[in-house]
1. Using only the alpha-carbon atoms, how far is helix A:402-411 inclined from the longest principal axis of chain A? Give it as 0 to 90 degrees, nearest 10.
2. Over all directions, the average projected area of the alpha-carbon convex hull for chain A comes to how many nm²?
3. Could you work out how far apart the two model spin labels at A:E182 and A:Y693 are, taking each label as a point 7 Å from the Cα in the direction of the beta carbon, and quote it in nm?
4. Given points 7 Å out from each Cα along the Cα-Cβ axis, report the A:K24 to A:K808 separation in nanometres with one decimal.
5. May I ask which of A:K33/A:K585; A:K648/A:K792; A:K834/A:K912 have a Cα-Cα span longer than 22 Å here?
6. May I ask you to derive the FRET efficiency for A:Q271 and A:K728 from their Cβ-Cβ distance with R0 = 35 Å, giving the value to the nearest 0.05?
7. Against the longest principal axis of chain A, how steep is helix A:675-685, in degrees 0 to 90 to the nearest 10, with axes from Cα atoms?
8. Can you list which of the trypsin sites (Lys or Arg not before Pro) found in region A:310-347 are DSSP loop residues with at most 16 other C-beta atoms within 10 Å?
Amino acid sequence: MSKYHFNEIEAKWQKHWAENQTFKAENQSEKPKYYVLDMFPYPSGAGLHVGHPLGYIASDIYARYKRHQGFNVLHPQGYDSFGLPAEQYAIQTGQHPAKTTEENIARYREQLDKLGFSFDWSREVRTSNPEYYKWTQWIFIQLFESWYDKDQNKARAIEELRVVFSSEGNIHVNAVCDEGIEHFTASEWLDFSETKKQEILLKYRLTYLAETEVNWCPQLGTVLANDEIVNGVSERGGYPVVRKKMKQWSMRITAYAQRLLDGLDNIDWPQPLKDSQTNWIGRSKGSSVTFNIKDHDAKIDVFTTRPDTIFGVSFMTLAPEHDLVSKITTAEQKEAVENYIEATAKRSERERMADVKTITGVFTGAYAEHPFSGEAIPVWIGDYVLAGYGTGAVMSVPCGDQRDYDFAKHFNLPIPNIFKDADISEEAYSDKENTIITNSDFLNDLNYQQATEKIIAALEEKGVGEGKINYRLRDAVFSRQRYWGEPFPIYYKDGMPHPIPTECLPLRLPEVEKYLPTEEGEPPLGRADDWAWDEKQLSVVSCQLIDYETVFPLELNTMPGWAGSSWYFFRYMESEKRDEVFASKKALNYWKNVDLYIGGSEHATGHLLYSRFWVKFMHDRGLVPVEEPFKKLINQGMILGESAFVRKLNYNNSEVPPIFISNKKFLKESKAKEEEKSIVDYEFKFSKLFDKYLGENRKIQVTMGTLDLHTDVAFVNNSNELNIEEFKNWREDYKIAEFITEEDGSFKVSREVEKMSKSKYNVVNPDDICSQYGADTLRMYEMFLGPLEQAKPWNTAGITGVHGFLKKLWKLYHSGENESFYVSDDSASKDSLKTLHKTIKKTQEDIEHFSFNTSVSSFMIAVNELISQNCNSREVLEPLAILISPYAPHISEELWNKLGHSESISTAPFPKFEQKYLVESSKEYPISFNGKMRFTLELPLDLSKEEIESAVMAHEKTAQYLEGRTPKKVIIVPGKIVNIVG
RNA sequence: GCUCGAGUGGCGGAAUUGGUAGACGCGCUGGAUUCAAAAUCCAGUGUUUUAGGACGUGCGGGUUCGAUUCCCGCCUCGAGUACCA
């Protein structure tokens with residue numbers, strides 16, 4: 001055994017760790033706890049590429065480091081295994097999504113296992129397992145059985161609300177609930193039928209059914225949450241999304257808007273991520289104002305952030321979807337308004353977004369009354385006002401708001417100026433800081449701050465408005481018209497939803513013969529034969545038995561992907577009594593929350609917001625001891641792929657096979673810049689190739705010069721040369737292709753950095769890297785690429801540097817005869833101890849700052865130094881193995897074993913840094929003249945400033961650089977620099 | 001448009017408090033070894049030069065004895081968000 005046989009070593013230790021459960025966490029320990037978690041992976045069919053494990057490697061290094069530091073570490077892994085792709089695949093192939101999910105997980109696991117992660121697999125979680133989703137359903141029922149009390153600022157049991165209703169009605173109830181709930185007294189409540197009571201309670205529940213405008217994606221056949229839509233199309237698949245009114249389950253996340261915002265101050269997350277949650281929640285401060293409508297008993301409520309500009313209102317604008325539109329529109333305007341509404345409804349969300357410039361709108365014929373001046377204000381509708389934000393109506397102040405200004409200009413509406421000395425001839429004046437209000441009755445000569453205070457007081461006194469905080473955040477739609485998700489534990493009785501008793505959970509996903517909606521347009525669960533709830537038998541029975549007396553239909557929608565991922569981090573804490581509780585009190589109190597969470601930034605407004613919401617809710621109801629799930633969070637940057645392109649001559653003739661030209665040759669021939677001209681040259685130069693197929697007399701039409709086509713990076717070597725044979729066999733029509741190569745017969749491709757993706761053929765598989773270089777090399781190289789949080793391109797060629805390092809490390813421990821293992825028990829040299837201790841210091845600092853790339857460099861430096869020092873001392877080589885073990889656990893474990901240890905290296909304490917080995921007696925001072933370093937001078941460190949100065953001034957080179965001048969000033973920073981000015 | 005982040009050799013990147021810019025690695029050049037190749041080892045490698053130097057961290061200013069680092073004004077790229085009243 002002399003060489004570094006990484007494949008054998010890695011397989012051996014992976015097996016050993018699994019068999020010995022080396023990384024199993026205990027729920028009881030003398031040690032302090034530390035919980036390291038990776039964002040929940042979705043097991044996609046494509047498997048892992050080298051970009052995926054980046055975060056896992058970082059978290060694994062940290063977890064291993066914490067173990068060395070004496071922590072009881074929980075580092076689990078599992079799968080977010082419900083979701084659209086498996087279902088889409090099921091629709092296409094008829095295979096049960098459970099089966100494909102199972103296969104994907106197996107493949108994922110196999111790939112993960114090869115990388116040597118220190119996961120505690122005994123706590124694995126899969127969201128699609130009934131034993132898991134039983135508790136997702138259970139939490140849903142807890143939400144259903146809760147309401148939000150604004151006075152106590154927390155969620156409470158719905159039973160407590162019933163008690164309040166029975167004793168005093170709902171007049172004093174200050175809850176987050178549906179709009180426009182009618183007041184009732186205690187006696188009225190008691191007289192209501194049970195159905196009526198349920199109907200009212202539903203308006204208060206934290207998860208509720210309501211007719212809402214939803215994002216409907218016809219191609220996916222389901223609704224989508226706001227965060228699942230990117231640029232007006234679905235995040236998955238890129239299909240169009242339209243707005244549609246549907247009865248859906250929603251989550252009253254808006255109740256938590258302020259707490260979700262405030263909580264951000266207490267968690268250690270990247271600022272951009274906090275910013276995007278802050279923006280998503282979108283808090284704005286202002287006031288509500290109510291406008292009466294002339295000759296009508298309707299009122300228009302608006303929200304404004306600039307109540308101080310109320311005397312600048314010259315018109316009102318309602319969203320086309322606003323409820324009042326049909327009521328207040330006059331007979332003369334009816335046709336115009338209806339045409340407009342029809343036209344805007346046809347425009348898709350995407351069109352509306354793309355076309356912000358075009359101003360459209362129409363007058364309703366109605367007039368509102370100014371609450372202070374009594375003036376008549378025309379009421380318009382326009383699609384720049386969004387139905388979903390605020391009240392769906394604005395008071396338009398064209399002098400102060402650019403959109404109102406543009407609208408006014410376009411329709412020739414008056415633009416009264418209420419700002420002192422402001423020029424509004426070209427654009428609105430929106431500078432709050434320098435505002436002085438004028439032409440505004442009692443607000444004249446006040447600044448923004450004063451006017452705002454005064455007007456809000458006036459509004460409140462008159463009873464036509466009040467100070468108000470508005471949030472952009474909407475309640476989250478929770479229903480999906482899909483099969484592969486958690487069934488709602490709900491059945492319908494008299495049209496009202498009822499939860500099935502919690503002891504009957506889980507409500508298992510039924511079998512269906514097809515994963516498509518029914519002919520009636522119901523979700524796939526509508527195809528299930530046995531999907532009715534029998535209240536007497538407490539079980540799921542055949543739909544045929546539905547009698548609406550004891551047997552009722554079950555909910556047909558399923559829960560969205562984020563249901564299972566909003567609480568999974570608690571499930572890992574519990575390893576034993578998973579049947580009895582979602583997680584036991586003991587486990588929850590021991591592990592509390594996730595100390596370190598690593599994952600991509602794409603979950604900023606989805607998973608990371610919903611989880612925080614659920615945790616706050618669960619905390620309110622006493623289910624968990626913490627209010628925030630993730631104390632510290634790190635976003636790992638994406639690893640980008642290096643796509644390879646082959647250049648193909650472009651011409652319109654099917655008789656000629658594809659002709660590819662080597663990139664280097666192409667650049668040379670085309671003289672890089674004059675591409676257009678070079679096309680003619682090709683025609684001439686390579687005409688022989690065409691002649692072969694067309695005969696000499698026929699000229700081919702060249703349309704566009706050349707085309708760059710993606711080729712699989714697997715066919716390209718480190719020198720950018722294409723393996724022509726493999727490429728030819730790739731596609732049927734390439735088999736007969738012609739290649740214009742370099743003089744030496746090679747064919748060069750061009751490269752470009754792009755996102756790593758199957759469709760770009762630039763995916764690098766970690767399995768290949770592992771078999772060629774080993775997992776330790778892959779782990780280290782991924783870290784070595786650059787800072788964890790930054791995006792960086794993958795370049796397989798560079799991996800040899802890290803691999804070479806591990807070989808050198810191996811050699812350092814194999815300095816015996818015939819490269820046999822050898823360490824001596826002699827004490828180490830001063831230099832070696834210095835190398836060791838500076839590396840301990842650096843590694844520790846780097847890991848704590850998540851600067852893993854720089855510690856890999858410091859290992860390289862250390863090993864280079866120790867080799868040149870011929871170090872073979874146990875005193876240095878033992879601690880060195882521990883330092884490296886979080887990064888390269890297999891080789892370290894092997895070396896540790898060879899050093900004579902029977903316990904895993906992961907149990908070894910982290911080496912202690914000792915300053916005394918780094919103490920220097922002298923320093924090589926850089927001597928600068930006017931800030932420019934000219935030479936260095938070695939001087940003892942204990943010299944005083946004066947002694948340093950005289951030593952420097954006495955040096956012969958000093959005189960040389962001074963060229964006879966007398967220095968004006970000599971700056972001396974002991975231990976750092978000397979700078980001579982003059 | 002707004003918010004945030006980033007610009008350093010041929011490439012990935014380092015410089016943790018304002019103190020020797022380019023650590024470490026890739027690539028490249030030359031050499032050793034080899035029948036040859038791979039592997040390994042040694043030396044060199046920011047640009048420029050009249051070989052003294054000069055220039056150099058996106059651009060233009062400023063503060064300082066000294067700026068990749070701090071301040072002001074721009075430019076470019078990336079990410080998120082988008083009629084939010």
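1. 50 degrees
2. Answer in nm², one decimal: 58.3.
3. Distance between the two pseudo-spin positions: 7.9 nm.
4. Placing both labels 7 Å along Cα→Cβ, they lie 4.1 nm apart.
5. A:K648/A:K792
6. 0.10
7. It works out to around 60 degrees.
8. Here the sparse-neighbourhood loop sites are A:R347.
Values quoted throughout were computed directly from the atomic coordinates according to the rules given, and no laboratory measurement underlies them. Just so we're clear, the structure is a prediction, and the values are computed from it rather than from any experiment. Glycine also receives a Cβ, built like all others from the backbone with ideal geometry; neighbour counts cover every protein chain displayed.
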